[in-house]
């Protein structure tokens, strides 16, 4: 092959090497990773949370949600040290059937309370996890367009990880961290799959049930147990041609609630209609919440409910720690695999396998 550039007539010419192309990867990436991976101490976490550092708060929530056994002690210390600075927020649980517009409603509720009363708002949005992959889309934040841009709002989507009622395993501790960071209103949004909502009810001051009209028999759309726990029921999407249907559904719910026993609070839940998309009736929903809270604080139910919640979570913590210690016992993983093989081969019953594993756990 001829190379014209080697011809004598081109002698004396110089070919420049050209502009040096930048690297395809960020040259600072490794240093950024190292900096981000640096392990914080309990003092780092607590001091950062108390001064309202959102990045430190986010890392603390990640630490609390971690299933790594070595993170448990540090997470427990951080939560315990933040506990004296917590307890001053209004905790609101929000649930409802899928498609009821929970995330959009939270966007409207949050913007209203921040505009009317100021302060800071934390939203703990729990996404359902896949039973197969254990993964979660965590897309709630995308439906909270205004709150996600508000500096006074902290939105933390978490995967439910198969926990009962769609509540993330460590939501209770996350509430404590957010309160210590100065967030005076906390929303806990559940996945609303119609299962037991006891977990979220046992960590909030007001339990709000969101429903929609025009989706069939409204009274069959949610289980009675959740309705009995609700402190307030609201019918979303009461706008346009759906207003009459929403009012009719509200009447059905009011009539149904008359058949239930009087709640411990001494106040029957109110049923209101509103539109989260068009911001209609939002103030009335907040007035209902504040009236309820004032009522239960006056009759002592507010404090007694929080005391019962603390007791409930003590037992939940015991169960969780026993679970963690069981599966992190040295040699347990190998013994479980051995017992599983024995089960598959019909050489051992499930009860005998469980007894063998418990003996190993107890050191017998």
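Quick note: the coordinates plus some simple rules give every number you see, no bench work behind them. None of the values given here were measured: they were computed from a predicted structure. Virtual Cβ from ideal backbone geometry, glycine too; neighbours counted across all protein chains shown.
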Open item on the list: Compute for segment 260-364: radius of gyration divided by Kirkwood radius, i.e. Rg/Rh, restricted to C-alpha atoms, rounded to two decimals.
Closed with: 1.32
TODO: From zero up to wherever the largest Cα-Cα distance of segment 41-87 sits, split into 5 Å bins and tell me the percent of pairs in each.
DONE: 5, 24, 34, 25, 9, 2
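Subtracting the Cα-Cα distance from 0.36 nm times the residue separation, let me have the gained length for residue 355 to residue 53 in nm, one decimal.
On the way: separation 302, 0.36 × 302 = 108.72 nm, distance 4.79 nm.
Result for the pair: 103.9 nm of gain on full extension.
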Open item on the list: Testing the spin-label approximation: label points 7 Å from Cα along Cα→Cβ at residue 293 and residue 241. State their distance in nm.
Closed with: 3.9
TODO: With only alpha-carbon atoms counted, please give the Rg and Dmax of segment 311-361, in Å.
DONE: 13.3, 43
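Sorting 89, 324 on the 10 Å Cβ count, fewest up front, what's the list?
Details: 89 21, 324 13.
With the fewest neighbours first, 89, 324 line up as 324, 89.
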- [ ] Give me 176, 233 ranked fewest to most by other Cβ atoms within 10 Å of their Cβ, as a rough exposure proxy.
- [x] 176, 233
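Could you list 356, 297 so that the one with the fewest beta carbons within 10 Å of its beta carbon is first and the one with the most is last?
Numbers: 356 17, 297 12.
Ordered from fewest to most neighbouring Cβ atoms within 10 Å, 356, 297 come out as 297, 356.
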TODO: On a C-alpha basis, how far is the centre of segment 327-356 from the centre of segment 289-314 in Å? Whole number, if you could?
DONE: 44
